[in-house]
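J.: Sharing a structure here in structure tokens format.
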Amino acid sequence: MGLSPSFSISAGRGTLSDEHAGIISVLAQQAAKLTSDPTDTPVVCLESDNGNIMIQKHDSITVAVHKLLS
């Protein structure tokens, strides 16, 4: 799911909604502050018993993938 800088979902499907856009974007922004290398693109991984969410920011686009465990 791609998130625009205004924190709205520009394209996507699945279990994440507009309500999640702000926190997803902030998590990606905070992760980017952990490295001084501008070419490094950190991935935030949230794990739970129900599944995983991977979040990554590329320039002005933030991508989140929610994988449910089967």
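The values are calculated or read from the model by the stated rules, or taken from the named source; none is laboratory data. Because the structure is predicted, anything quoted here is derived from the model rather than measured. Methodologically, a virtual Cβ is constructed for each residue, glycine included, from the backbone with ideal geometry; neighbour enumeration extends over all protein chains shown.
J.: Test residue 44 against the stated conditions and say whether it is modelled with pLDDT of 90 or more and in contact with a helix residue (DSSP H, G or I) (Cβ under 6 Å, 6 or more places away or on another chain).
T.: On the way: modelled with pLDDT of 90 or more: yes; in contact with a helix residue (DSSP H, G or I) (Cβ under 6 Å, 6 or more places away or on another chain): yes.
For residue 44, the condition - modelled with pLDDT of 90 or more and in contact with a helix residue (DSSP H, G or I) (Cβ under 6 Å, 6 or more places away or on another chain) - is met.
J.: Just need a number here: residues in the range 46-66 that are surrounded by 12 or more Cβ atoms within 10 Å (Cβ to Cβ) and either in contact (Cβ under 8 Å) with a residue 24 or more places away in the chain or within 13 Å of the chain's Cα centre (by Cα) (or both). Before you say what the answer is, go through the steps one by one.
T.: Within the range 46-66, the subset surrounded by 12 or more Cβ atoms within 10 Å (Cβ to Cβ) is 46, 51-57, 61-66.
When the remaining residues are screened for being either in contact (Cβ under 8 Å) with a residue 24 or more places away in the chain or within 13 Å of the chain's Cα centre (by Cα) (or both), the result is 46, 52-57, 61-66.
Result for the range 46-66: 13.
J.: Filter the range 30-40 down to residues that are surrounded by 11 or more Cβ atoms within 10 Å (Cβ to Cβ) and not hydroxyl-bearing (Ser, Thr, Tyr) and give me whichever is modelled with the lowest pLDDT. Working first, answer last.
T.: First, pick out the residues of the range 30-40 that are surrounded by 11 or more Cβ atoms within 10 Å (Cβ to Cβ): 30-32, 35.
If we keep only those that are not hydroxyl-bearing (Ser, Thr, Tyr) as well, we get 30-32.
Values: 30: 94, 31: 93, 32: 90.
Only one residue fits best here, namely 32.
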